[in-house]
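> What follows is a structure written as structure tokens; I'll ask about it next.
The values are calculated or read from the model by the stated rules, or taken from the named source; none is laboratory data. Everything numeric here is computed off the predicted structure, so don't read it as measured data. Ideal geometry is used to build each Cβ from the backbone, glycine not excepted, and the neighbour counts take in all protein chains shown.
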């Protein structure tokens with residue numbers, strides 16, 4: 001039976017079963033086992049929905065392939081690539097210099113492929129009366145300087161901050177680009193997955209959090225995306241495909257796949273598919289922003 005394994009919380013279980021979680025060095029061995037070829041892809045929770053959609057279509061086109069897609073965060077995926085427990089890493093951030101050094105120490109050469117664009121949307125409960133926040137206000141909220149919605153023009157209600165956990169590329173990107181590398185408030189509640197964060201914000205009128213743009217479209221009606229005001233003539237920008245693509249939305253980023261050196265065999269076929277016209281149409285359908293027409 002052909003399948004996709006999707007997990008954000010129990011990725012370690014994959015390592016307990018034969019054929020799951022092998023390192024790139026085992027790829028040729030795997031592809032020579034009978035008529036079935038295996039490929040593991042691990043990493044960004046933001047990208048799980050997209051990579052799973054790619055995987056489903058890819059397996060239709062390649063009947064002899066079985067894919068395992070797991071989340072856990074960009075850091076987890078990069079660690080898997082370095083440790084040899086995944087063939088491809090999906091990451092919502094660039095690999096860090098420290099990770100490159102660790103990879104070099106294991107004779108791993110991470111090769112980067114930019115496959116899509118994503119905007120990080122700040123979300124609140126649909127009944128929250130606040131529609132626009134500046135980058136400075138967002139920084140003060142997520143660092144804990146502001147603790148009540150009144151301080152940003154909202155109701156007299158305590159601010160409840162939700163964030164992804166530190167292994168998430170979204171956590172790192174938001175901290176660097178919105179919070180100016182400052183620490184998150186100790187009152188922030190860290191959640192292991194994007195779906196859990198959407199659910200938490202949709203359940204509390206005082207909540208605020210952040211998710212990839214694709215998840216906002218999927219959760220339409222459950223949460224509200226906040227527009228971001230920028231200094232100067234930037235004005236107020238709502239997160240959208242167009243504002244991400246033209247660079248006007250300030251909280252946006254590229255999404256990547258990483259392989260150990262030049263990909264070969266099934267790994268190369270998958271990367272090529274993700275960048276193809278068909279793969280990029282899936283990017284758009286999944287709620288992300290394509291890098292190619």
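> Give the residues of the stretch 96-109 that are without any contact (Cβ under 8 Å) to a residue 60 or more places away in the chain and in a loop (DSSP other than H, G, I, E, B), sorted by residue number.
Hits for the stretch 96-109 are 96, 106, 107.
> If I filter the stretch 129-147 for residues that are more than 20 Å from residue 236 (Cα to Cα), in contact with a helix residue (DSSP H, G or I) (Cβ under 6 Å, 6 or more places away or on another chain) and in contact (Cβ under 8 Å) with a residue 12 or more places away in the chain, do I get at least one hit?
yes
Results for (1) touching a residue at least 24 places away in the same chain (Cβ under 8 Å); (2) surrounded by fewer than 20 Cβ atoms within 10 Å (Cβ to Cβ); (3) more than 24 Å from residue 288 (Cα to Cα), shown as yes or no for each residue.
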{"site": "162", "(1), (2), (3)": "yes, no, no"}
{"site": "172", "(1), (2), (3)": "yes, no, no"}
{"site": "181", "(1), (2), (3)": "no, yes, yes"}
{"site": "197", "(1), (2), (3)": "yes, no, no"}
{"site": "204", "(1), (2), (3)": "yes, yes, yes"}
{"site": "208", "(1), (2), (3)": "yes, no, no"}
{"site": "213", "(1), (2), (3)": "yes, no, no"}
{"site": "225", "(1), (2), (3)": "yes, no, no"}
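> Of the residues that make up the stretch 140-162, is at least one part of a helix (DSSP H, G or I) and at pLDDT below 95?
no
> Could you tell me which numbered condition residue 112 fails, if it satisfies all but one of (1) farther than 21 Å from residue 289 by Cβ; (2) surrounded by fewer than 16 Cβ atoms within 10 Å (Cβ to Cβ); (3) in contact (Cβ under 8 Å) with a residue 24 or more places away in the chain?
Single failed check for residue 112: (1).
> Of all residues in the stretch 56-84, which are surrounded by fewer than 24 Cβ atoms within 10 Å (Cβ to Cβ) and either within 17 Å of the chain's Cα centre (by Cα) or outside any helix (DSSP H, G or I) (or both)?
If the condition is that a residue be surrounded by fewer than 24 Cβ atoms within 10 Å (Cβ to Cβ) and either within 17 Å of the chain's Cα centre (by Cα) or outside any helix (DSSP H, G or I) (or both), then 62, 63, 64, 65, 66, 75, 79, 84 are the ones that fit.
> Tell me, please, whether a residue that is within 29 Å of residue 210 (Cβ to Cβ), crowded, with 20+ Cβ neighbours inside 10 Å and modelled with pLDDT under 95 can be found in the stretch 15-36.
The answer is no, given that none of the residues of the stretch 15-36 is within 29 Å of residue 210 (Cβ to Cβ), crowded, with 20+ Cβ neighbours inside 10 Å and modelled with pLDDT under 95.
> I'd like the residue in the stretch 262-279 that is touching a helix residue (DSSP H, G or I) at 6+ places or on another chain (Cβ under 8 Å) and farther than 18 Å from residue 111 by Cα and, out of all such residues, is surrounded by the most Cβ atoms within 10 Å (Cβ to Cβ).
279
> Can you give me the ranges of the strands (runs of 3 or more DSSP E) entirely in the stretch 178-293 with at least 1 residues that are assigned by TED's automatic domain parsing to the domain that holds residue 82?
The qualifying strands (runs of 3 or more DSSP E) are 252-260.
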